[in-house]
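The values are calculated or read from the model by the stated rules, or taken from the named source; none is laboratory data. None of the values given here were measured: they were computed from a predicted structure. Virtual Cβ from ideal backbone geometry, glycine too; neighbours counted across all protein chains shown. Just so you know, the surface numbers come from the protein's heavy atoms only, side chains and all, with ligands and any DNA or RNA stripped out. Shrake-Rupley method; radii C 1.70, N 1.55, O 1.52, S 1.80 Å.
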Amino acid sequence: MQGRVPPFCSWAAATLVYLRAPSSTLFTERNIANQFVSNDINAVSALSYPVSELGVEHVIVMGHYGCGGVGASILARPAENISYADGAVQNWIEPIRHLFQTSTRPEIVKLREFNTANNVTEEPEFGDPGYRALVEENVKESVCNIANDLVMQAHWDSFNLEQKGGSNPVARKKRSGGESGPLRPVFVHGFVYDISNGQISDLGISVGPPGFPPQFCGEASRRLH
C-alpha cells in the first residue's frame, strides 16, 4: 500500500476488510468461514489496529456462497478416526454447526430436517437455499460479534464522548498513517460474494455507533455496559 492508510477493513473466508479512503486501499484479515470470535486474539488485534491506529471507517464481513467451512458445519462432527488437524478445523467451525442446528430461518430448517430424515453425509449442492442461507446467517453472526466486541464498544464510546464535547486523549492520539484529529464513526457491514457470477450483495445488516442508523444488531444487544 506504499504508506497509504486503508479506508476499509474486511473479514472473509474469506475476509474481514477495513476501509477508509481512497476506496482503492484495503486492510484485510482472513480465516476459515469468516468468523469473528472475541477469544481469538489474532482476530481481535486485526480489528483493533485498523480501528484504533489507521482510522478506518468501515468494517466489512465478506462471506461467500459455497464456503467450505460452512458446508462442513452442516454435517455431523466426525465421531472417530479424526486427525489432530481435522479436529482443529472441526473445533473452529463448531459455532457454525450450532447455528445450523438452532436457526429458525425456513431454508435452514428445511435443509436440517431433510438431512436428518435421509441421514445425509455429503455437503449440499452449491445452490441449495439452506446452504446459502447459512452462509448469510454466519455473516450476520460475525457482524454482531464485531459490534459487541470491546474494541468497537470502546471506539464508539470515545466517539460519542467527542460528539458531546468531551475528549479522550488516548483515542485521539496520532495514528500511524500520519493523521490526528477527531475520531470517525466506524460502521460494520455484512456482504456475501457469489463466486458463480462475481456478484457482491449487501445483506443490509450494517451497525454503527449508537444513534447512527442503521442498527441491525439492536441497541440492547450491542451495548455491553
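For 102, 116, write out the residues from largest to smallest accessible area, computed with a 1.4 angstrom probe and no ligands counted.
From most accessible down to least: 116, 102.
Can you send over the carbon and sulfur percentage of the accessible area for the range 76-126, probe radius 1.4 Å, protein chains only? Walk me through the numbers on the way to the answer.
Values: 1990 of 3710 Å².
Roughly 54 percent, rounded to a whole number.
Determine the order of 149, 202 by accessible area, beginning with the largest, at a probe radius of 1.4 Å. Please report the intermediate quantities before stating the final value.
On the way: 149 10, 202 95 Å².
If we order 149, 202 from most to least accessible, we get 202, 149.
For the range 42-129, state which GluC sites (Glu not before Pro) are in a DSSP loop and have at most 13 other beta carbons lying within 10 Å of their beta carbon. Present the calculation step by step, with values, prior to reporting the outcome.
Numbers: sites: 53, 57, 80, 107, 113, 122, 125; in loops: 57, 80, 122, 125.
Listed in order of number, the matching sites are 80, 122, 125.
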